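Right, one structure below, let's go through it.
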């Protein structure tokens, strides 16, 4: 039974498809980037962020991507949070924890009866992008091409860890709430986050 998931949404360039630690990608779409190795798809759903790896290779590969790596500012994080709130309102997501950091965002979200977690991640990124652009804070706006197409500030895919029991759920919520402090930033409070003990009954699969 899946109660929910811990979602990680990466900013553009934060986690490349051929990251030496592993990735969730099946292929590398850029020849310049492919020179640093093929996709390093992993099967595990646990974090591989701390797996030993060739850091110099990872840094060199980042220089081969089409645009500079995105790092969200505090103002941009506020816009992203507003977008997440809009997505939660539109689809009635129950989000129990959220941390928006310069290179990625963490969310703990309950199973949804009508959407997969991949669809949820896409919806969250779409609404966040809309808010960034609406407020004039899209970090990729300067790369808009002659056809008016602006690259996404987000990585193509997202990482998810399924949550199967309440103990794991509480541990994931605690991890996400405390995550900003691990990066030397203050705790974050978002209006769309529902305290775990105040949530309605769980929908599960």
**Prompt:** Of all the residues that make up segment 107-137, how many are under 16 Å from the mean Cα position of the chain (by Cα) and in a loop (DSSP other than H, G, I, E, B)?
**Reply:** 1
**Prompt:** For segment 120-134, which residues satisfy the criterion of being surrounded by 19 or more Cβ atoms within 10 Å (Cβ to Cβ) and out of contact with any strand residue (DSSP E or B) (no Cβ under 9 Å at 6 or more places or on another chain)?
**Reply:** 123, 127, 131, 132
**Hey, residue 137 touching a strand residue (DSSP E or B) at 6+ places or on another chain (Cβ under 7 Å) and surrounded by 14 or more Cβ atoms within 10 Å (Cβ to Cβ) or not** = no
**Request:** Among the candidates 99, 91, single out the residue that is buried (at least 16 other Cβ atoms within 10 Å of the Cβ), at pLDDT 75 or above and either assigned by TED's automatic domain parsing to the domain that holds residue 180 or over 23 Å from residue 136 (Cβ atoms) (or both).
**Result:** 99
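The values are calculated or read from the model by the stated rules, or taken from the named source; none is laboratory data. The structure displayed is predicted, hence computed values, not measured ones. Please note: Cβ atoms are built from the backbone with ideal geometry, for glycine as well, and neighbour counts cover all protein chains shown.
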